[in-house]
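Here is the structure we will look at, set down as C-alpha cells.
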Amino acid sequence: MDENVVANGLKQYIVVKLDNEQYGIDISFVDNIVRMQQITRVPKAQSYFAGVINLRGEIIPVMNLRLKFGLEQRENTNATRIIIVKPESNAKIGILVDEVHEVVTLEEENIEKTVYDEQGMNLLGVGKYKDTLISLLNIQGIISELDNG
C-alpha cells in the first residue's frame, strides 16, 4: 500500500523547517527538491498560492507553506527550497519551505495519530524522533484543499 513503509513498520519522511518548527513529508510523495527559482504570480489565486514555476519544461504550481499555515511571509534565503510532490491521483505541485533538514525513519509506535489541527486536514499526526517532535503533513489534504480552494 504505502511505498515508504519498509520492513517492521518503519516509514520515511523528509523533514522541512518553517520558522523553528519541523514538519515531515511522506517520502513516497516527493518527486524532487529544487532550489528557489523565479515564481510567476497567477492573478486571483488563493493568498498562499505563490504562482507557477517552469521546471524542465513542465509548469508546476507552487504553494507557500508559510502562508498556508498562517505564518508571516519572509525573504527567501539560500536554504529556501521547493519540494515537488506528486500525490497518487494528482498532478505535481511545489511546496515552498524555509529549509530541508534531513530524511528520518520513524517507527509506527513513535507516531501519534490522534492530532488534529484547526482545519483537520493539514496534519496526520506527530512523530517522535530522538529528542524532537515532527508534525507529519497530510499532503493529500493540503493538495485537495488547493484544488477545491
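The values are calculated or read from the model by the stated rules, or taken from the named source; none is laboratory data. Here the structure is a predicted model, which means the values were calculated and not measured. Just the protein is used for accessible areas: all its heavy atoms, side chains included, with ligands, DNA and RNA removed. Shrake-Rupley method; radii C 1.70, N 1.55, O 1.52, S 1.80 Å.
Among N54, N110, N20, the largest mean-square fluctuation in a Gaussian network model of the chain, built with springs joining Cα atoms closer than 10 Å, belongs to N20.
Calculate what fraction, in whole %, of the accessible area of region 1-109 sits on carbon and sulfur atoms when a 1.4 Å probe is rolled over the protein chains.
Values: 2770 of 6080 Å².
That share works out to 46 percent.
Once the gyration tensor of the Cα atoms in the chain is diagonalised, the equivalent ellipsoid follows with semi-axes of 25, 16, 15 Å, ordered largest first. Once all protein chains are placed together, M36 keeps about 60 Å² accessible to a 1.4 angstrom probe. A cut-off of 5 Å between modelled amide H atoms, ignoring neighbours fewer than 5 places along the same chain, links I95 with M63, I83, I84, V85. Taken per residue, the accessible surface of the chain reaches 56 Å², heavy atoms only and a 1.4 Å probe.
For K128, K92, what's the largest-to-smallest order of accessible area, 1.4 Å probe?
Details: K128 95, K92 50 Å².
From most accessible down to least: K128, K92.
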